[in-house]
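Student: The structure is given below, and queries will be raised subsequently.
The values are calculated or read from the model by the stated rules, or taken from the named source; none is laboratory data. Just so you know, these numbers come straight off a predicted model, no measurement behind them. Every residue, glycine among them, receives a Cβ derived from its backbone with ideal geometry; neighbour counts consider all protein chains shown.
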Amino acid sequence: ETGVTQSPTHLIKTRGQQVTLRCSSQSGHNTVSWYQQALGQGPQFIFQYYREEENGRGNFPPRFSGLQFPNYSSELNVNALELDDSALYLCASSLGVAWVNEQFFGPGTRLTVL
Amino acid sequence: GQQLNQSPQSMFIQEGEDVSMNCTSSSIFNTWLWYKQDPGEGPVLLIALYKAGELTSNGRLTAQFGITRKDSFLNISASIPSDVGIYFCAGQLSTNAGKSTFGDGTTLTVKP
């Protein structure tokens with residue numbers, strides 16, 4: 001059984017560019033949540049995908065968008081990058097949306113916007 | 001929106017000492033979670049609490065879900081060097097499964 005994996009590990013972009021981050025969920029997990037973790041802070045919920053549909057969104061602008069594929073892997077897309085988008089982006093997978101399920105996090109993608 | 005206040009922000013302790021950290025919220029949660037994050041890694045779940053008043057242990061770790069549903073604490077007994085890391089509390093509402101609200105963490109340093 002493989003855990004949650006994310007790619008790339010690190011990424012450097014310039015302001016105004018677009019970026020796509022990828023996440024492979026743990027085997028058997030159909031729910032993926034994305035978080036942004038700024039330096040020195042806790043993760044902040046961006047959105048969640050359940051069976052290829054968005055299932056809730058945090059306080060992030062529409063230039064943050066996502067996809068979930070039939071194999072439950074997921075992408076996070078960020079358009080028109082801003083300096084404040086520099087952060088560790090974490091994805092977490094879980095067995096479903098029932099509240100008793102815990103999440104398992106990937107190692108994250110470190111995005112630097114210059 | 002929901003906010004979690006986690007304290008202390010950082011702790012420097014001697015190996016063998018006990019540690020206590022807590023988390024308070026302005027609103028109610030139905031689940032409290034405690035995570036540890038090491039450098040370059042994602043958070044790893046330590047303890048999950050599902051009922052108000054619940055006290056749960058995981059080895060040297062003990063956590064409690066506050067009766068008011070607005071707070072939780074984590075204790076670590078007899079600390080060891082590998083306990084070093086950042087500890088996060090997180091709260092979930094039953095209608096927002098998987099959509100956790102995190103505190104800003106407690107950074108723990110253990111001196112051998």
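Student: Out of the strands (runs of 3 or more DSSP E) lying entirely within the range B:52-112, which hold 3 or more residues that are away from chain A (no Cβ under 13 Å) and under 14 Å from B:ILE13 (Cα atoms)?
Tutor: Working: elements: B:55-58, B:61-65, B:71-76, B:85-92, B:106-111.
So the answer is B:106-111.
Student: Out of the residues in the range B:1-51 that are touching a Pro at 6+ places or on another chain (Cβ under 6 Å) and within 14 Å of chain A (Cβ to nearest Cβ), which is farthest from B:SER82 (Cα to Cα)? Break it down into steps so the answer makes sense when it comes.
Tutor: Filtering the range B:1-51 for residues touching a Pro at 6+ places or on another chain (Cβ under 6 Å) gives B:15, B:35, B:37, B:41-42.
Among the residues that remain, those that are also within 14 Å of chain A (Cβ to nearest Cβ) are: B:35, B:37, B:41-42.
Numbers: B:TYR35: 15, B:GLN37: 12, B:GLU41: 15, B:GLY42: 16 Å.
Applying the filter and picking the extreme gives B:GLY42.
Student: Is it fair to say B:ILE47 is over 27 Å from A:THR109 (Cα atoms) and outside any loop (DSSP other than H, G, I, E, B)? Show your work before the answer.
Tutor: Working: over 27 Å from A:THR109 (Cα atoms): no; outside any loop (DSSP other than H, G, I, E, B): yes.
Answer is no for this residue.
Student: Something else about it: Please go through the range B:2-37 and pick out each residue that is of a type in the set (D, E, K, R) and under 14 Å from the mean Cα position of the chain (by Cα).
Tutor: The initial filter retains those residues of the range B:2-37 that are of a type in the set (D, E, K, R), namely B:15, B:17-18, B:36.
Answer for the range B:2-37, where residues must be of a type in the set (D, E, K, R) and under 14 Å from the mean Cα position of the chain (by Cα): just B:LYS36.
Student: If you go through the range B:7-60, how many residues are in contact with an Asp or Glu (Cβ under 6 Å, 6 or more places away or on another chain) and among the polar types (S, T, N, Q)?
Tutor: If we filter the range B:7-60 for residues that are in contact with an Asp or Glu (Cβ under 6 Å, 6 or more places away or on another chain), which is where we start, we get B:24, B:45, B:48.
Remaining after also requiring among the polar types (S, T, N, Q): B:24.
Total meeting the criteria: 1.
Student: Let me ask another. For the range A:27-50, enumerate the residues that are within 13 Å of another protein chain (Cβ to nearest Cβ) and farther than 28 Å from B:THR107 by Cα. Spell out the reasoning first.
Tutor: Taking the range A:27-50 first, the residues within 13 Å of another protein chain (Cβ to nearest Cβ) are A:29-50.
If the condition is that a residue be within 13 Å of another protein chain (Cβ to nearest Cβ) and farther than 28 Å from B:THR107 by Cα, then A:HIS29, A:ASN30, A:THR31, A:TYR49, A:TYR50 are the ones that fit.
Student: Between residues in the range A:49-69 that are under 21 Å from A:GLY96 (Cα atoms) and residues that are basic (Lys, Arg) and loosely packed, with under 13 Cβ neighbours inside 10 Å, which pairs lie under 8 Å by C-beta distance while being six or more apart or on different chains?
Tutor: A:GLN68/A:ARG51
Student: Which one is modelled with the lowest pLDDT among residues in the range A:85-102 that are outside any strand (DSSP E or B) and closer than 24 Å to A:PRO61 by Cα?
Tutor: Residues of the range A:85-102 that are outside any strand (DSSP E or B), as a first pass: A:85-86, A:95-102.
After this cut, where a residue has to be closer than 24 Å to A:PRO61 by Cα as well, the list is A:85-86, A:97.
Numbers: A:ASP85: 98, A:SER86: 98, A:VAL97: 67.
Of everything passing the filter in the range A:85-102, A:VAL97 is modelled with the lowest pLDDT.
Student: Still on this structure: Could you identify the single residue in B:PRO39, B:PRO43 that is of a type outside the set (S, T, N, Q) and loosely packed, with under 15 Cβ neighbours inside 10 Å?
Tutor: Working: B:PRO43 fails: loosely packed, with under 15 Cβ neighbours inside 10 Å.
Matching residue, one of B:PRO39, B:PRO43: B:PRO39.
Student: Then there's this: Can you tell me which residues in the range A:38-53 are crowded, with 22+ Cβ neighbours inside 10 Å and in a strand (DSSP E or B)?
Tutor: Going residue by residue through the range A:38-53, those that are crowded, with 22+ Cβ neighbours inside 10 Å are A:42-43, A:45-46, A:48-49.
Residues satisfying the conditions are A:PHE45, A:ILE46, A:GLN48, A:TYR49.
Student: Right, something else. Can you tell me which residues in the range B:59-69 are within 14 Å of the chain's Cα centre (by Cα) and either buried (at least 17 other Cβ atoms within 10 Å of the Cβ) or closer than 10 Å to B:ILE47 by Cβ (or both)?
Tutor: The answer is B:LEU61, B:THR62, B:ALA63, B:GLN64, B:PHE65, B:GLY66.
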